[in-house]
Amino acid sequence: MMNRSRALLFAGLLLSASVPALAASSEQPDLKRGEQLVKTRCMACHNTTMLKQVRTYPSLYGQKSAYLFKQLTDFKEGRRTSVTMQAIIQGLTEQDFRDAAEYWGSLAPVKLKGEAKE
Ligand code: HEC
């Protein structure tokens, strides 16, 4: 009886130890999904034309994807406030953030010095 419950406990520990590993593997960014999302939902404001015209629009080109992901999560959870961005990401999931962040991070940085409104 004692041995059996020990065995069950051990099996339980093994199982719980393997769960984070499984979760991590499904949290991989999908660049293709990210590209589609960015082109339909983000480029209206974050493209180079808008970056040159609106001085408060930040460039995301070539930014570290981990940084972008954190900003998106912060907007979602209210740690960072922006009326615009918090409205934009309503309904987007963590996986959407991961995919979009990965795509932005994969793009070459753009040079805006001297071209953007200061
Ligand atoms: C209607 C215009 C608009 C759209 C569309 C838009 N954004 Fe933004 N975004 C902004 C503005 C304005 C800011 C600056 C917010 C602030 O004041 O902090 C911003 C900031 C950000 C930041 C923080 C950048 C930094 O340097 O900290 C990220 C990340 C971001 N947007 C991602 C996205 C993603 C991903 C999408 C598409 C799902 C998107 N945005 C669509 C206007 C927009």
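Throughout, read-outs are computed from the coordinates displayed, never taken from laboratory work. Remember, it's a predicted structure, so these values are computed and weren't measured experimentally. Glycine gets a Cβ as well: all are built from the backbone with ideal geometry, and neighbour counts include every protein chain shown.
Remarks
- Whole-Hz ³J(HN,Hα) from phi, Karplus 6.51 cos²θ - 1.76 cosθ + 1.60, for segment 44-59, glycine and proline x: 3, 10, 8, 7, 5, 4, 5, 4, 6, 8, 10, 5, 9, 7, x, 7
- The aspartates and glutamates whose alpha-carbon is closer than 14 Å to the alpha-carbon of K52, local same-chain residues fewer than 8 away aside, are E115, E118.
- Between D30 and S106, residue separation times 0.36 nm minus the direct Cα-Cα distance comes to 26.2 nm.
- Trypsin sites (Lys or Arg not before Pro) lying in DSSP loop within segment 82-118, provided at most 13 other Cβ fall within 10 Å: K111, K113, K117
- Simple spin-label estimate for K39 and Q90 gives 2.7 nm between the two label positions (7 Å along the Cα-to-Cβ direction from each Cα).
- Residues in segment 63-68 carry Karplus couplings, in order, of 5, 4, 5, 5, 5, 4 Hz; the curve used is 6.51 cos²θ - 1.76 cosθ + 1.60 with θ = phi - 60°, and Gly or Pro positions show x.
- Within-15-Å neighbourhood charge of T73 [Cβ basis; K, R +1; D, E -1]: -1
- Spin-label model, R79 to T56: label points 7 Å out along the Cα-to-beta-carbon direction sit 2.3 nm apart.
- Enclosing the Cα atoms of segment 29-106 in their convex hull gives a volume equal to 84 cubic angstrom per residue.
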